[in-house]
Amino acid sequence: MKVFSVELHRVGMPLVRPFQTSFGTQTARDVLLLRVRTDAGDGWGECVAMADPVYSSEYVDGAEAVLRNYLIPAILAAPSVTAASFANTVRFVVGHRMAKAALETALLDAELRASATSFAAYFGAVRSRVDCGVSVGIAPTVDALLEEVARYVAEGYRRIKLKIKPGWDLEPVAAVRDLLGPVREETGATGAVTRGLLQVDANTAYTANDIEHLGRLDPFDLLLIEQPFVEEDIATHIALARAIETPVCLDESIVDTAVAVDAIERGATSIVNIKAGRVGGYLEAVRIHDACAQRGVPVWCGGMLESGVGRAANVALAAMTNFSLPGDTSGSSRYFAEDLTEPFVLRDGQLDVPTGPGSGVEVREDLVREWALRPVETVGR
Ligand code: OSB
Ligand code: MG
């Protein structure tokens with residue numbers, strides 16, 4: 001494939017409610033969308049980097065600069081590039097995985113649209129619908145949290161994830177476990193459904209001094225505790241996993257397949273959160289899925305408050321066989337009043353996996369223009 005040009009679109013999307021985590025409060029999503037123009041046709045990709053470098057070192061202005069100054073010029077200069085050859089073309093750029101993932105995804109979308117293949121088929125997906133969970137932010141009060149969780153349960157979400165931090169952990173978790181009732185099998189419209197699934201995500205807010213305290217989460221029968229300690233600190237995650245019953249799951253720490261395998265083999269993580277943006281793209285995400293499957297480690301699909309563009313690819317990824325836990329693949333309405341694609345709508349706690357060519361969704365260019373934070377920038381001819 002020959003790439004002629006790449007458009008950089010910055011779109012402001014207000015969130016339907018503020019999303020508070022241990023690293024801050026988001027009230028809007030500042031989305032960077034890429035459109036690649038190639039001799040095989042166009043493709044779209046979404047960059048998951050947040051407005052500020054508070055989840056990881058990447059942030060959207062930085063990702064945009066790396067794309068404009070390094071990644072896009074490299075693929076424009078290449079005689080030919082495909083999603084599969086992209087990683088090698090941009091290997092000279094260290095890190096910046098979210099920026100790379102966005103461009104690789106746009107290339108993959110162009111390529112698969114041209115060959116009338118869906119992301120799901122390309123990934124080797126085995127499901128046509130995926131189980132959905134929802135990530136619930138830190139609330140002003142426990143009562144407000146219970147109200148929000150009850151709404152999501154009524155909407156059909158199959159798993160609740162609570163954001164925690166020191167001072168907001170045991171009490172909200174106990175209250176939500178009480179609301180959900182115990183973990184149990186029920187027969188729903190689409191067959192057996194496990195109810196009462198609950199997990200927590202600390203986004204690195206704890207330290208080694210908190211191991212005993214985190215052990216007090218054990219009575220609440222959590223699916224997992226996600227990333228309690230800083231990204232580089234594998235050792236303290238190993239110590240926690242040995243000290244408590246609740247399975248430890250890494251998010252921020254898992255930046256590629258080698259790190260995932262190392263963390264698994266050392267006992268730092270027994271479940272893995274896969275986010276394509278965090279690991280440099282969907283091709284690496286598939287490799288992590290496969291490495292985890294080989295080792296009997298279940299995975300689930302994380303999220304970064306994506307618009308429908310990124311959500312479509314996540315839902316396709318989550319349809320692979322070893323994505324055996326519900327993902328943070330929520331419906332569009334959990335985030336936005338209106339989405340940049342046709343909305344993803346939850347049905348019986350699941351989303352349909354897109355089947356059309358490429359991502360299988362169409363970008364609403366009217367909204368991309370209407371919500372543009374600045375004029376579109378084109379790199380290349
Ligand atoms: O840690 O999983 C996380 C959102 C932004 C950045 C990091 C995280 C999250 C979420 C929400 O938990 C996931 C989603 O619903 O997209
Ligand atoms: Mg997380």
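The values are calculated or read from the model by the stated rules, or taken from the named source; none is laboratory data. Just so it is clear, the structure is predicted and the values come from calculations on it, not from any experiment. Every residue, glycine as well, gets a Cβ built from its backbone with ideal geometry; the counts of neighbours run over all protein chains shown. For accessibility, only protein heavy atoms count, side chains too; no ligands or nucleic acids. Shrake-Rupley method; radii C 1.70, N 1.55, O 1.52, S 1.80 Å.
Among Ile138, Gly267, Leu197, which residue has its Cα furthest toward the positive end of the charge dipole of the stretch 120-352, with +1 on Lys/Arg Cβ and -1 on Asp/Glu Cβ?
Towards the positive end, the residue furthest out is Leu197.
Under the classification rounded if a/c is under 1.5, otherwise prolate if a/b is larger than b/c and oblate if not, where does the stretch 85-163 fall, given a ≥ b ≥ c as square roots of the Cα gyration tensor eigenvalues?
It is oblate, given that a/c is not under 1.5 and a/b is not larger than b/c.
Please get the size of the charge dipole for the stretch 120-352, origin at its Cα centre, with Cβ charges of +1 on Lys and Arg and -1 on Asp and Glu, quoted in debye to the nearest 20.
Dipole about the Cα centre, nearest 20: 500 debye.
Over the alpha carbons of the stretch 286-381, what is the largest minus smallest coordinate on each principal axis, giving the biggest first in Å?
On the principal axes, the stretch 286-381 reaches 48, 37, 23 Å in Cα extent.
What lysines could a cross-link reach from Lys163, if we take a straight Cα to Cα line under 19 Å and drop same-chain neighbours fewer than 8 places away?
Cross-link targets: Lys275.
Before I look further, what does the stretch 120-352 give for accessible area per residue, probe 1.4 Å, in whole square angstrom?
Here the residues of the stretch 120-352 average 36 Å² of exposed surface.
With only alpha-carbon atoms in the gyration tensor, what are the semi-axes of the equivalent ellipsoid for the stretch 1-115, in Å, largest first?
For the stretch 1-115, the semi-axes come out at 27, 16, 11 Å.
Need the C-alpha centroid separation for the stretch 135-189 versus the stretch 244-272, integer Å.
24 Å
Evaluate the stretch 120-352: find the radius of gyration of its Cα atoms, find its Kirkwood radius, and give the ratio Rg to Rh.
Looking at the stretch 120-352, the ratio lands at 0.94.
Just report the Cα centroid separation between the stretch 290-369 and the stretch 7-48, whole Å.
Going from one Cα centre to the other spans 14 Å.
For the stretch 146-254, build the convex hull from the C-alpha positions and give me its volume per residue in Å³.
Given the Cα convex hull of the stretch 146-254, per-residue volume reads 107 Å³.
Can you work out ³J(HN,Hα) from phi for every residue in the stretch 297-309, in order, using Karplus 6.51 cos²θ - 1.76 cosθ + 1.60 and θ = phi - 60°, giving whole Hz and x for Gly and Pro?
Ordered by residue, 3J(HN,Hα) equals 9, x, 10, 9, 8, x, x, 9, 6, 5, 6, x, 5 Hz.
Report, ordered by chain and residue number, the aspartates and glutamates lying within cross-link reach of Lys161, taken as a straight Cα distance under 15 Å and ignoring same-chain residues fewer than 8 apart.
Answer for Lys161, where 15 Å is the Cα cut-off: Asp131, Glu147, Glu148, Asp169, Glu171, Asp178, Asp201, Asp221, Glu226, Asp251, Asp328, listed by chain and number.
Show Lys161, Lys100 ordered by accessible area, largest first, where the area counts protein heavy atoms only and the probe is 1.4 Å.
Largest accessible area first, the residues go Lys100, Lys161.
Test of understanding: what is the full-extension gain from Ala77 to Ala372, defined as 0.36 nm times their sequence separation minus their Cα-Cα distance?
103.4 nm
Using a 1.4 Å probe on the protein heavy atoms, what percent of the accessible area of the chain belongs to carbon and sulfur?
Answer for the chain is 52 percent, counting heavy atoms of protein chains only.
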